[in-house]
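In what follows, a structure is listed as structure tokens, so that the remarks can point back to it.
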Amino acid sequence: RMDLSINSSSSPAVVGRSNESMKHQDRPVPSQWSHNQTLSLKIRKHVLKFLDAEKDISVLKGTLKPGDIIHYVFDRDSTMNVSQNLYALLPRTSPLKGKHFRTCAIVGNSGILLNSGCGKEIDAHSFVIRCNLAPVQEYTQDVGTKTDLVTMNPSVIQRAFEDLANDTWREKLLQRLHSLNGSILWIPAFMAKGGKERVEWVNELILKHHINIRTAYPSLRLLHAVRGYWLTNKVYIKRPTTGLLMYTLATRFCNRIYLYGFWPFPRDQDQNPVKYHYYDSLKYGYMSQASPHTMPLEFKALKALHQQGALKLTVGQCD
Ligand code: CDP
């Protein structure tokens, strides 16, 4: 059983519902969480020793040209050529250059968001980050709609858009991309060899349909740098998940960071079942032994940071 209260013996619920609060369900529980500015700044400085989010968030036009050969980060023996389309979509300057936000929301994809009523709260943040083109339209009450940056692992094209098998799926992806309207689409294109065609399809769609988005393709060093940062802090992850990557990047440009939809467990704190994703039927087994991710380990680290006031995790309902 996960108990997220700062100190389960004495304090009331901090996020979600603790044992304490369940005894007094009709009494509103005051939130004990407060932001630790000093710690946040310390983390920002420490992360900066490993990576610079402003730079590592994307490879820039100046550093590559069409035809250049890139070795995949996780499949070193496989290579790709920088296509004309990819080159065309590389930003000239970092989409985060000089950016600072008072508060940022990072929205993970756990089913814990369902019935959370967190939509309004999420949308009220200055900068909202979402993962893997997760749908928002049908879930606005719980997840909001504001999107300033959204990630897209190439595998999403297969899993959520049937590898664009026919016009219906192409149209569905087009709609989703159009709805991003000006925000940043962050595509890890240089990580694993499997995504080559999928990245190319998306690049082609964006250009052909003049979709109004700012594309970003993370640097080759980002993943190792993020991993290095966490390993140094004794968090022994194999490969950082998208959510952890986003938190690590956000420390650079967000004063206060609020996490929603982070809950890599099949049951909530009251033992009710929780879907792996709020929007599809993917099962927990999907990220088990075979997966290089270590989500529960990451969660433990994030929870500790919550308790110290460096970030705020919401795993229950919003007010
Ligand atoms: O790209 P990845 O497969 O890691 O992510 P996802 O399944 O699209 O979910 C986005 C992020 O939300 C993950 O990277 C995790 O950080 C977080 N998440 C979670 O904490 N618990 C879940 N049940 C699912 C996702």
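Bear in mind these aren't lab numbers, they're just calculated from the coordinates by the rules spelled out. Quick caveat: nothing in here was measured; it's all calculated off a predicted structure. Reconstructed Cβ throughout: ideal geometry from the backbone, glycine too, with neighbour counts over all protein chains shown.
Listing for the model above:
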| quantity | calculated |
| --- | --- |
| FRET efficiency estimate (nearest 0.05) - Cβ-Cβ, T140 to L282, R0 25 angstrom | 0.70 |
| Gained length - N181 relative to E121, 0.36 nm times residue gap less alpha-carbon distance | 19.5 nm |
| Gap separating the Cα centres of the stretch 128-193 and the stretch 195-264, nearest whole Å | 14 Å |
| Cα-based shape type of the stretch 168-217, given that a ≥ b ≥ c are square roots of the gyration tensor eigenvalues and the cut on a/c is 1.5 | oblate |
| Phi-based couplings in Hz for the stretch 168-176 (Karplus 6.51, -1.76, 1.60; Gly and Pro marked x) | 4, 5, 4, 5, 5, 5, 4, 4, 5 |
| Size of charge dipole - the chain - debye, nearest 20, with Cβ of Lys, Arg +1 and Asp, Glu -1, no other charges | 1040 debye |
| Extension gain from K45 to L297, taking 0.36 nm per residue of separation minus the Cα-Cα distance | 88.4 nm |
| The stretch 152-285, relative contact order [Cα under 8 Å, separation at least 6], % | 17 percent |
| Unsatisfied cross-links (Cα-Cα over 28 Å) in the set K97/K300; K146/K208; K65/K172; K193/K303; K61/K238 | K97/K300; K65/K172; K193/K303; K61/K238 |
| Fully extended contour minus Cα-Cα distance, from Q37 to I69, at 0.36 nm per residue | 7.2 nm |
| The stretch 39-146: relative contact order as a whole-number percent, Cα under 8 Å and 6+ apart | 21 percent |
| Relative contact order %, the chain, counting alpha carbon pairs below 8 Å whose residues are six or more apart | 26 percent |
| Three principal axis lengths of the chain [C-alpha, angstrom, descending] | 63, 44, 37 |
| The stretch 33-180 shape via C-alpha gyration tensor axes, a/c threshold 1.5 | oblate |
| For the chain, built as a Gaussian network whose Cα springs stay under 10 Å, the top-fluctuating residue of I206, I70, I184 | I70 |
| Helix-only mean residue ellipticity at 222 nm for the chain, each DSSP H run of n ≥ 4 adding -39500 (n - 2.57), per residue, nearest 500 | -9000 deg cm²/dmol |
| Rounded if a/c under 1.5, otherwise prolate or oblate - the stretch 115-270, Cα gyration tensor axes | oblate |
| Residue-by-residue Karplus 3J(HN,Hα) for the stretch 196-207, coefficients 6.51, -1.76, 1.60, Hz, glycine and proline x | 3, 4, 4, 5, 4, 4, 5, 4, 5, 4, 4, 6 |
| Other-chain or far-sequence residues with amide H under 5 Å of D268's (modelled H) | V274 |
| Karplus-derived HN-Hα couplings along the stretch 305-318 (A = 6.51, B = -1.76, C = 1.60, θ = phi - 60°), whole Hz, x at Gly and Pro | 5, 4, 5, 8, x, 7, 8, 10, 9, 10, 10, x, 8, 8 |
| Cysteines in the chain that, by Cβ-Cβ distance, have no pairing candidate under 4.7 Å | C131 |
| Under-5 Å amide H pairs with C254, H placed in peptide plane, nonlocal only | F101 |
| Options Q84, I69, S126, ranked by Cα towards positive dipole end of the stretch 69-135, top entry (Cβ charges) | S126 |
| Paramagnetic label zone (point 7 Å from Cα along Cα-to-C-beta, A192; backbone N under 15 Å) in the stretch 233-255 | 238-243 |
